[in-house]
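Asks: First, the structure itself, so that you have it in front of you.
The values are calculated or read from the model by the stated rules, or taken from the named source; none is laboratory data. Owing to the predicted nature of the structure, the values given are computational and were not obtained by experimental measurement. Positions of Cβ are generated from backbone atoms using ideal geometry, with glycine treated the same way; all protein chains shown enter the neighbour counts. Side chains are part of the model used for accessible areas, which takes the heavy atoms of the whole protein and leaves out ligands, DNA and RNA. Shrake-Rupley method; radii C 1.70, N 1.55, O 1.52, S 1.80 Å.
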Amino acid sequence: MNCNTLPQRLVLLHLLAVLLTSCASSSITSIVKSPAQRPYSSMMLVFTTGNNFKGFTEENYYNNVRGNFNDISYLKFRKQLEKSLERNISPGGFPRIIKSTEAFLPDEDYTYEQFKNQLKRSGCEAILVINLDDYWTSSKYVTTYYENSSVTNEREEPNSSYNVYLYDVNDLDNYKWISEIVVNGVYAGYDTLNNYFSRRVANRLRKDHFIH
């Protein structure tokens, strides 16, 4: 393709600028507190918002999880996040992923004992608690070049940070693995943020030998 004419070069520069400004960045910091004896074969996903706790105890359940993990206002978000995590953690169907949106009714009030009984019935070996710690937008200025002019527009880009805890169902008082993930600079909706997040989590869980 001959790109020697000025209009063609401007178009290519514009496309390159869009690609560069649409790129996302993500980072993860994780700590293995207690190595797994073997990779988990089944895992339940539990999503919460605005919390930071280090034990899935009865006290923390009532303070941070009850009425939060199945809040109807985040139902669409949770379903998309669970779908993304399942696709990345279990691409071949292993480990088996149990979605809390399917195991628990939205906006239903569950006691700690009821929650644990449902865990037992699901057959999961571990719980992956995903806490959306923060969500914010940042502004970027994007310039579009035309043959004889240019236009600069302000663009809002979403960002998010998560704290993630992995618990063995036989020891809910102590997490086995913890991580902080930050995703930013995505010119898209929360589904793209969740996809970047899910890839980070899945890759690190494999690296730390919690899943195959």
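Asks: Name the pairs: first residue in segment 39-56 and over 12 Å from Ser90 (Cβ atoms), second residue surrounded by fewer than 16 Cβ atoms within 10 Å (Cβ to Cβ), Cβ to Cβ under 6 Å, at least 6 apart or on different chains?
Replies: Filtered contacts from segment 39-56: Gly55/Asp173.
Asks: So is Phe94 out of contact with any helix residue (DSSP H, G or I) (no Cβ under 6 Å at 6 or more places or on another chain), under 20 Å from Ser73 (Cβ atoms) and aromatic (Phe, Trp, Tyr) or not?
Replies: Numbers: out of contact with any helix residue (DSSP H, G or I) (no Cβ under 6 Å at 6 or more places or on another chain): yes; under 20 Å from Ser73 (Cβ atoms): no; aromatic (Phe, Trp, Tyr): yes.
No: the conditions fail for Phe94.
Asks: If I ask for residues that are open to solvent by 10 Å² or more (accessible area, probe 1.4 Å), in contact with a Ser or Thr (Cβ under 9 Å, 6 or more places away or on another chain) and assigned to a loop (DSSP other than H, G, I, E, B), which ones from segment 55-92 would you list?
Replies: Once the filter is applied, which keeps residues that are open to solvent by 10 Å² or more (accessible area, probe 1.4 Å), in contact with a Ser or Thr (Cβ under 9 Å, 6 or more places away or on another chain) and assigned to a loop (DSSP other than H, G, I, E, B), segment 55-92 yields Arg66, Asn68, Asp71.
Asks: Of all residues in segment 105-117 being under 18 Å from Glu58 (Cα atoms) and in contact with a helix residue (DSSP H, G or I) (Cβ under 7 Å, 6 or more places away or on another chain), which is least open to solvent (accessible area, probe 1.4 Å)?
Replies: The initial filter retains those residues of segment 105-117 that are under 18 Å from Glu58 (Cα atoms), namely 108-117.
Next, from what is left, pick out any that are in contact with a helix residue (DSSP H, G or I) (Cβ under 7 Å, 6 or more places away or on another chain): 112, 115.
Values: Tyr112: 16, Phe115: 0 Å².
Checked segment 105-117; the qualifying residue least open to solvent (accessible area, probe 1.4 Å) is Phe115.
Asks: Criterion first (open to solvent by less than 50 Å² (accessible area, probe 1.4 Å) and among the basic types (Lys, Arg)) does Arg200 satisfy it? Steps first, answer last, please.
Replies: Working: open to solvent by less than 50 Å² (accessible area, probe 1.4 Å): no; among the basic types (Lys, Arg): yes.
The answer is no for Arg200.
Asks: How about segment 118-144: which of its residues are open to solvent by less than 70 Å² (accessible area, probe 1.4 Å) and in a helix (DSSP H, G or I)?
Replies: Result: Gln118, Leu119, Ser122.
Asks: Among the residues of segment 177-187, is any over 27 Å from Asn60 (Cα atoms), of a type in the set (A, V, I, L, M, F, W, C) and surrounded by 21 or more Cβ atoms within 10 Å (Cβ to Cβ)? So that I can check it myself, show each step before the final result.
Replies: Of the residues in segment 177-187, the ones over 27 Å from Asn60 (Cα atoms) are 184-187.
Pick out the ones that are also of a type in the set (A, V, I, L, M, F, W, C) and you get 186.
Still in the list and also surrounded by 21 or more Cβ atoms within 10 Å (Cβ to Cβ): 186.
Yes, segment 177-187 has at least one match.
Asks: Tell me the residue from Val129, Val65 that is over 16 Å from Val201 (Cβ atoms) and touching a residue at least 12 places away in the same chain (Cβ under 8 Å), please.
Replies: Details: Val129 fails: over 16 Å from Val201 (Cβ atoms).
Unique residue meeting the criteria: Val65.
Asks: Residues Asn159, Asn153, Asn163: which one is touching a strand residue (DSSP E or B) at 6+ places or on another chain (Cβ under 7 Å), assigned to a strand (DSSP E or B) and at pLDDT 90 or above? If you could, list the steps in order and put the result at the bottom.
Replies: Numbers: Asn159 fails: at pLDDT 90 or above; Asn153 fails: at pLDDT 90 or above.
Selected residue: Asn163, the only one of Asn159, Asn153, Asn163 that is touching a strand residue (DSSP E or B) at 6+ places or on another chain (Cβ under 7 Å), assigned to a strand (DSSP E or B) and at pLDDT 90 or above.
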